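As structure tokens, the structure follows; a few thoughts come after it.
The values are calculated or read from the model by the stated rules, or taken from the named source; none is laboratory data. Not measured: the values here are computed from a predicted model. Counting neighbours? That spans all protein chains shown, and the Cβs are built from the backbone with ideal geometry, glycine included. Each accessible area value is taken on the protein alone, full model and side chains, heavy atoms only, with ligands, DNA and RNA left out. Shrake-Rupley method; radii C 1.70, N 1.55, O 1.52, S 1.80 Å.
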Amino acid sequence: MTRASAWLIAVLALAAGAAHGANEDRARGEAELAKRLAGYQAGKPRDCVLLSELHGTQIIDGTAILYRGNGDTLYLNRPSGAAILRRDVVMVDYPHGSQLCRMDIVELYDSGTRMPRGSISLGSFVPYVKVKPGQGTRTP
């Protein structure tokens, strides 16, 4: 085996390990997201949400961002590049005007070192409204 082929095999093994780890993160994230959205009903996706409607965020590792909205509403956003989302990052967004919109860029920074970790592009905002027992379905 030549030195170049040994190097190529090592790189491919590392890449396969990283892909496997990303798949595990995604599966854990999807399970956490399903648990968090239990008892909620999805509404029609929106391109933008007023900043005044948003009162906090929760990062679902490798998967999505949940924005807490007014009342019993959550907004699910599955950004492009979600695989780099981690709870230990600080999100910095630069909204245009009074809204956060699909395609807005959010920069990610390590919460400990404040070093840049990358950026993501927001997707559509899917509203989820809590369904009260015996109420049936609601339209967000």
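In this structure the amide hydrogen of T57, modeled in the peptide plane, comes within under 5 Å of the amide hydrogens of R68, none closer than 5 places in sequence on its chain.
Accessible area of V90 (1.4 Å probe, protein heavy atoms only, ligands and nucleic acids ignored): about 60 Å². 3J(HN,Hα) along the stretch 47-58, derived from phi through the Karplus expression 6.51 cos²θ - 1.76 cosθ + 1.60 where θ = phi - 60°, amounts to 7, 9, 9, 5, 4, 5, 8, 9, 10, x, 9, 9 Hz, with x in place of Gly and Pro.
Among I84, I59, the order of accessible area from largest down is I84, I59, computed with a 1.4 Å probe on protein heavy atoms.
A Förster radius of 22 Å combined with the Cβ-Cβ distance from Y109 to A42 puts the calculated FRET efficiency at roughly 0.10.
Working value for the stretch 85-134: equivalent-ellipsoid semi-axes of 27, 17, 9 Å, each the square root of 5 times a Cα gyration tensor eigenvalue, largest first. A cut-off of 5 Å between modelled amide H atoms, ignoring neighbours fewer than 5 places along the same chain, links R117 with L108, Y109, D110.
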